[in-house]
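Each remark here refers to the structure printed beneath this line.
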Amino acid sequence: MKIALITENSQAAKNPIIHDALTAVAEPLGHQVFNYGMYSAEDAASLTYVMNGLLTGILLNSKAADFVVTGCGTGMGSMLACNAMPGVFCGLVIDPTDAFLFSQINAGNAISMPYAKGFGWAAELNLQDCYAKLFEGEPGAGYPKERAAIMATNRGKLADLKAASCHDMLSVLQNVDQELLRAAIAGEKFAEYFYPNCQDDSIAAYLKAL
């Protein structure tokens, strides 16, 4: 699985901590981690939580990533922005129980975490425990197990609702503020990571034309 990490500007200084915790869990499980930044508070390209959502939509809808780990100060802004995108199902994860239940019940494709609120001593251990609960088991297995079938049915209905209420991703890219879009893909490693992994030629072509 290709996992993308996206960090917004107010929490950019913590990107190395988050990245280290994520790779420590994900890579031994056979997953690849792509760090889309921000990498530090001094980065030339600055990401807001709104851009986090837009970039998450681009990565997941183009299949350049299979899962996105993002967040902001509270985690809520990035979650809201992510869930505004077609095909993105983002949960707010604060602790390992959140991570486990989101994986088993919702089986979404993105999480948003608070990297300021409650981020204190041993925060990196909480991050690792959350990522372990997310990625070690099979998503969608259900909790409790006897409700797995109805949970799968509800996920399908939610996906149908999302498809009915959202435009396709290319339409989003064409109609969103173009300066916002340019800023969202301005990270120093975006092109290096995105274009070799992108599986949607129309999305890639539109972004290259910018």
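Condition (residue is among the β-branched types (Val, Ile, Thr), in contact with a Ser or Thr (Cβ under 7 Å, 6 or more places away or on another chain), at pLDDT 95 or above and within 27 Å of Val176 (Cβ to Cβ)) applied to the stretch 104-119: is it met by at least one residue? Walk me through it before giving the result.
First pass over the stretch 104-119, keeping only residues among the β-branched types (Val, Ile, Thr): 105, 111.
Next, from what is left, pick out any that are in contact with a Ser or Thr (Cβ under 7 Å, 6 or more places away or on another chain): none.
Within the stretch 104-119, not a single residue is among the β-branched types (Val, Ile, Thr), in contact with a Ser or Thr (Cβ under 7 Å, 6 or more places away or on another chain), at pLDDT 95 or above and within 27 Å of Val176 (Cβ to Cβ).
Examine the stretch 140-156 for a residue that is among the aromatic types (Phe, Trp, Tyr), part of a helix (DSSP H, G or I) and in contact (Cβ under 8 Å) with a residue 40 or more places away in the chain, and state whether such a residue exists. If you could, list the steps in order and put the result at the bottom.
Here is the first cut: in the stretch 140-156, the residues among the aromatic types (Phe, Trp, Tyr) are 143.
Among the residues that remain, those that are also part of a helix (DSSP H, G or I) are: none.
No, the conditions are met nowhere in the stretch 140-156.
Across the stretch 172-210, which residue is least open to solvent (accessible area, probe 1.4 Å) among those that are among the β-branched types (Val, Ile, Thr) and part of a helix (DSSP H, G or I)?
Of all residues in the stretch 172-210, those among the β-branched types (Val, Ile, Thr) come to 172, 176, 185, 203.
Remaining after also requiring part of a helix (DSSP H, G or I): 172, 203.
Values: Val172: 28, Ile203: 4 Å².
That would be Ile203.
How do the pairs read when you match residues in the stretch 163-191 that are under 15 Å from Thr48 (Cβ atoms) with residues anywhere that are exposed (fewer than 14 other Cβ atoms within 10 Å of the Cβ), using Cβ under 7 Å and keeping only pairs 6 or more apart or on different chains?
Partner pairs satisfying both residue conditions: Leu181/Leu210; Arg182/Leu210.
Give the residues of the stretch 51-65 that are open to solvent by less than 10 Å² (accessible area, probe 1.4 Å) and either of a type in the set (A, V, I, L, M, F, W, C) or in contact (Cβ under 8 Å) with a residue 40 or more places away in the chain (or both), sorted by residue number.
Filtering the stretch 51-65 down to residues open to solvent by less than 10 Å² (accessible area, probe 1.4 Å) leaves 52-59, 62, 64-65.
Listed by number, the residues that qualify are Asn52, Leu54, Leu55, Thr56, Gly57, Ile58, Leu59, Ser62, Ala64, Ala65.
Taking Leu127, is it in contact (Cβ under 8 Å) with a residue 60 or more places away in the chain, open to solvent by less than 50 Å² (accessible area, probe 1.4 Å) and either under 24 Å from Lys14 (Cα atoms) or among the basic types (Lys, Arg) (or both)? Explain how you work it out, then say what you get.
Values: in contact (Cβ under 8 Å) with a residue 60 or more places away in the chain: yes; open to solvent by less than 50 Å² (accessible area, probe 1.4 Å): yes; either under 24 Å from Lys14 (Cα atoms) or among the basic types (Lys, Arg) (or both): yes.
Considered against the rule, which asks whether it is in contact (Cβ under 8 Å) with a residue 60 or more places away in the chain, open to solvent by less than 50 Å² (accessible area, probe 1.4 Å) and either under 24 Å from Lys14 (Cα atoms) or among the basic types (Lys, Arg) (or both), Leu127 comes out as yes.
Looking only at residues that are under 16 Å from the mean Cα position of the chain (by Cα), more than 27 Å from Glu179 (Cα to Cα) and not small (Gly, Ala, Ser) in the stretch 26-50, which one is surrounded by the fewest Cβ atoms within 10 Å (Cβ to Cβ)?
Taking the candidates together, the pick is Gln32.
Given the conditions (1) of a type in the set (S, T, N, Q); (2) open to solvent by less than 20 Å² (accessible area, probe 1.4 Å); (3) not in a helix (DSSP H, G or I), which single one is not true for Gln11?
Tallying (1) of a type in the set (S, T, N, Q); (2) open to solvent by less than 20 Å² (accessible area, probe 1.4 Å); (3) not in a helix (DSSP H, G or I), Gln11 fails exactly one: (3).
Which residues, taken from the stretch 82-130, are in a loop (DSSP other than H, G, I, E, B), of a type in the set (Val, Ile, Thr) and over 12 Å from the mean Cα position of the chain (by Cα)?
First pass over the stretch 82-130, keeping only residues in a loop (DSSP other than H, G, I, E, B): 84-89, 93-95, 107-109, 115-122.
Right, trim to of a type in the set (Val, Ile, Thr) and you get 88, 93-94.
The answer is Ile94, and nothing else.
The values are calculated or read from the model by the stated rules, or taken from the named source; none is laboratory data. Fair warning: this is a prediction, and the values are worked out from it, not measured in the lab. Reconstructed Cβ throughout: ideal geometry from the backbone, glycine too, with neighbour counts over all protein chains shown. Remember, those area values only see protein heavy atoms, side chains included, never the ligands or the DNA or RNA. Shrake-Rupley method; radii C 1.70, N 1.55, O 1.52, S 1.80 Å.
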